[in-house]
Amino acid sequence: MTDFSQIFVGGQWRAGGGGLADSIDPADGSLVARHGVASVADVDEAVAAGHRAAADAEWRGMLPHVRARLLHRIGDAIEAQAEEIAALQTADTGKTLGETRALALSAAGTFRYTAAALETLDDALTTPRGPFMTMSVHEPIGVVGAITPWNSPIASDAQKVAPALAAGNAVILKPAEWTSLVSLKFARIVEAAGLPAGLLSVLPGPGATVGDAIVRHPGVGKISFTGGTVTGKRIAAIAGEKLMPVSLELGGKSPTIVFPDADIDHAIAGIMFGIFSSSGQSCIAGSRLFVHRSIHDAFLARLVERTQALRVGRGTQSGTQVAPLVHFAHRDKVAAYVEAAQADGARIMCGGSAPRGAGYDDGAYYLPTIIAGADHASAICQEEVFGPVLVAIPFDDEDHLVAQANDSVYGLACGIWTRDFARAYALARRIAAGTVWINTYKQFSISTPFGGVKESGMGREKGREGIRAYMQQKSLYWGLDPQPLPWANG
């Protein structure tokens, strides 16, 4: 049994200066474990240890293919313990075992892809413009902070830690308060794989203290943050004062669009997966549904019928499709959005409440919900609910559709359902979003960059360039002219 009472500071397991916190199973409110919490002093120690480890000649001078072997070992170890990781994450977050198993395997794949990319990541001889040779090289930043969300532990951890280590940095990882157990387990896996001490610290704790201390610390040279837009803006403001680079993957209110020529079965399945999987707790959830008016009513009727048949239950139960939300407070926040929409005149087509009865009353459950008749300027259409709540809106023509789809402070993702690929391409280029799915939704590849525009964030993760995001570029010049520089001759 993993001991969660200690935190991982500079390669050492010990009690955190912030005491202990409870991890609660949202399926029934029971205690999963008590875990250690870091303090500001722990942040100082972790950063100091990180600087020593990152500056060590053996690590800094390690050849890329040798560092890649270490990343492969970490990926293999995660895969070997995927079932244990999945069970722990389901208890910590409420997610279905199928989803948490997929997240663990995704994390393993992230380390392997990053290892492969590292082995083939070349610097460049640049085109000469005089009697000299020029080269562009990339070097580690030093110590970077990685702040991850509660909706996809282990996968988010890997998405930041793998490229940061590949780039030669030390990493201070701060998991979300509600879901710290998996990140502490991750630290033990990385340690056992042979990562030199000090290159990874895992510091659970409140964002207002531990997270803030990491962001403000003068020894931290970059922050990679995934989470809410309000927090992301605060981090960006602090980074501006420090002149520190940041990567911010923030909120979304993503449109998904259905044209009359769409494959209706595919569209309904994709829309349901896009909003109701993960219980809607996904930054890229397709939470605004635009359906052409000519098919709107019939399409919505079929969608409501299919949604009402979804199986709501514990994440450990076979066949569960919609598991509890991560926390009771979050469930109540989602419910408040739906109640406000109804009070504003919107119609609840299905769901709209927590399920009742044995097996539900003690958990943080909420029924998959579809809302119609909402004003597009209302909160339910403009703000990120982060729950299993879909708003359906008819549209008549593409110009009006684009105007409404882009009428959001967010720009993270979009889905388009049509058999007309020329239309899909043209529309995808008009939508303000970092990712557009065509005739599918919520599919990911570690090889493909990901990020948002507008208030959905800045910077990109994943892909080969994901490693470069954790490096600093430097230019080298070699003089080749046999004559001295003429200026000094007077």
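Taking segment 272-298 as the search range and keeping residues that are over 20 Å from the mean Cα position of the chain (by Cα) and β-branched (Val, Ile, Thr), which one is surrounded by the most Cβ atoms within 10 Å (Cβ to Cβ)?
VAL291
Please report, ordered by residue number, the helices (runs of 4 or more DSSP H) entirely within segment 1-97 with at least 1 residues that are of a type in the set (Val, Ile, Thr), at pLDDT 95 or above and buried (at least 20 other Cβ atoms within 10 Å of the Cβ). Full working, then the answer.
Details: elements: 40-55, 57-60, 64-80, 82-93.
Ranges flagged: 40-55, 64-80, 82-93.
Within 26 Å of THR148 (Cα to Cα), in contact with a Ser or Thr (Cβ under 7 Å, 6 or more places away or on another chain) and outside the structural domain of PHE299 (by TED's automatic domain parsing): is that true of GLY463 in this structure?
Against the criterion (within 26 Å of THR148 (Cα to Cα), in contact with a Ser or Thr (Cβ under 7 Å, 6 or more places away or on another chain) and outside the structural domain of PHE299 (by TED's automatic domain parsing)), GLY463 qualifies.
If LEU121 satisfies all but one of (1) within 30 Å of THR90 (Cβ to Cβ); (2) in a loop (DSSP other than H, G, I, E, B), what's the number of the condition it fails?
Unmet condition: (1).
Which residues, counting only those in segment 145-188, are farther than 22 Å from LYS95 by Cα and either part of a helix (DSSP H, G or I) or small (Gly, Ala, Ser) (or both)?
Within segment 145-188, GLY145, ALA146, VAL161, ALA162, PRO163, ALA164, LEU165, ALA166, ALA167, GLY168, ALA170, ARG188 qualify.
Could you please find all residues in segment 206-232 being in contact with a helix residue (DSSP H, G or I) (Cβ under 7 Å, 6 or more places away or on another chain) and not hydrophobic (A, V, I, L, M, F, W, C)? Show your work before the answer.
Going residue by residue through segment 206-232, those that are in contact with a helix residue (DSSP H, G or I) (Cβ under 7 Å, 6 or more places away or on another chain) are 206-207, 209-210, 213-217, 219-220, 223-226, 229, 231.
Within segment 206-232, PRO206, GLY207, THR209, ARG216, HIS217, GLY219, SER224, THR226, THR229, THR231 qualify.
Can you pull out the residues in segment 208-228 that are surrounded by fewer than 20 Cβ atoms within 10 Å (Cβ to Cβ) and not in a loop (DSSP other than H, G, I, E, B)?
Matches in segment 208-228: ALA208, THR209, ASP212, ARG216.
Residue-wise test of (1) in contact (Cβ under 8 Å) with a residue 40 or more places away in the chain; (2) assigned to a strand (DSSP E or B).
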residue: ALA269; (1), (2): no, no
residue: ILE275; (1), (2): yes, no
residue: SER282; (1), (2): yes, no
residue: GLY286; (1), (2): yes, no
residue: LEU289; (1), (2): yes, yes
residue: SER294; (1), (2): no, no
residue: PHE299; (1), (2): yes, no
residue: THR307; (1), (2): yes, no
residue: LEU310; (1), (2): yes, no
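Is one or more of the residues making up segment 401-414 part of a strand (DSSP E or B), at pLDDT 95 or above and assigned by TED's automatic domain parsing to the domain that holds ALA372? Step through it out loud before you land on a result.
Of all residues in segment 401-414, those part of a strand (DSSP E or B) come to 413-414.
Narrowing the set further to residues that are at pLDDT 95 or above leaves 413-414.
Imposing the further condition that a residue be assigned by TED's automatic domain parsing to the domain that holds ALA372 reduces the set to 413-414.
Yes: one or more hits.
Return yes or no: is SER378 more than 24 Å from TRP178 (Cβ to Cβ), free of Cβ contacts under 8 Å to residues at least 12 places away in the same chain, surrounded by fewer than 22 Cβ atoms within 10 Å (Cβ to Cβ) and not assigned by TED's automatic domain parsing to the domain that holds ALA91? Quick ask: steps written out before the conclusion?
Details: more than 24 Å from TRP178 (Cβ to Cβ): yes; free of Cβ contacts under 8 Å to residues at least 12 places away in the same chain: no; surrounded by fewer than 22 Cβ atoms within 10 Å (Cβ to Cβ): yes; not assigned by TED's automatic domain parsing to the domain that holds ALA91: yes.
When the stated conditions are applied, SER378 does not pass them.
Go through (1) within 26 Å of GLY411 (Cβ to Cβ); (2) out of contact with any Pro (no Cβ under 8 Å at 6 or more places or on another chain); (3) surrounded by 24 or more Cβ atoms within 10 Å (Cβ to Cβ) for SER156 and report which single condition fails.
Status for SER156: all satisfied but (2).
Which of the numbered conditions does PRO355 fail, given that it passes all the others? Conditions: (1) in contact (Cβ under 8 Å) with a residue 24 or more places away in the chain; (2) surrounded by fewer than 18 Cβ atoms within 10 Å (Cβ to Cβ); (3) part of a helix (DSSP H, G or I).
For PRO355, the failing item is (3).
Taking segment 374-400 only, how many residues are over 17 Å from HIS292 (Cβ atoms) and either part of a loop (DSSP other than H, G, I, E, B) or over 24 Å from the mean Cα position of the chain (by Cα) (or both)? Lay out the reasoning, then the answer.
Of all residues in segment 374-400, those over 17 Å from HIS292 (Cβ atoms) come to 374-375, 377-389.
Going one step further and asking which of them are either part of a loop (DSSP other than H, G, I, E, B) or over 24 Å from the mean Cα position of the chain (by Cα) (or both), we end up with 374-375, 377-378, 383-388.
Adding up the residues that qualify gives 10.
In segment 38-61, what count of residues is obtained for those that are among the acidic types (Asp, Glu) and closer than 18 Å to ALA164 by Cα?
Quick first cut of segment 38-61, residues among the acidic types (Asp, Glu) only: 42, 44-45, 56, 58.
Restricting the remaining residues to those that are closer than 18 Å to ALA164 by Cα gives 56, 58.
Final tally of qualifying residues: 2.
Basic (Lys, Arg), more than 22 Å from ARG34 (Cα to Cα), crowded, with 16+ Cβ neighbours inside 10 Å and out of contact with any Cys (no Cβ under 8 Å at 6 or more places or on another chain): is that true of ARG129 in this structure? Let's see the steps before the verdict.
On the way: basic (Lys, Arg): yes; more than 22 Å from ARG34 (Cα to Cα): yes; crowded, with 16+ Cβ neighbours inside 10 Å: no; out of contact with any Cys (no Cβ under 8 Å at 6 or more places or on another chain): yes.
Criteria not met by ARG129.
The values are calculated or read from the model by the stated rules, or taken from the named source; none is laboratory data. Nothing here was measured: the structure is a model prediction, and the numbers come from that model. Using ideal geometry, Cβ is built from the backbone for each residue, glycine included, and neighbour counts are taken over all protein chains shown.
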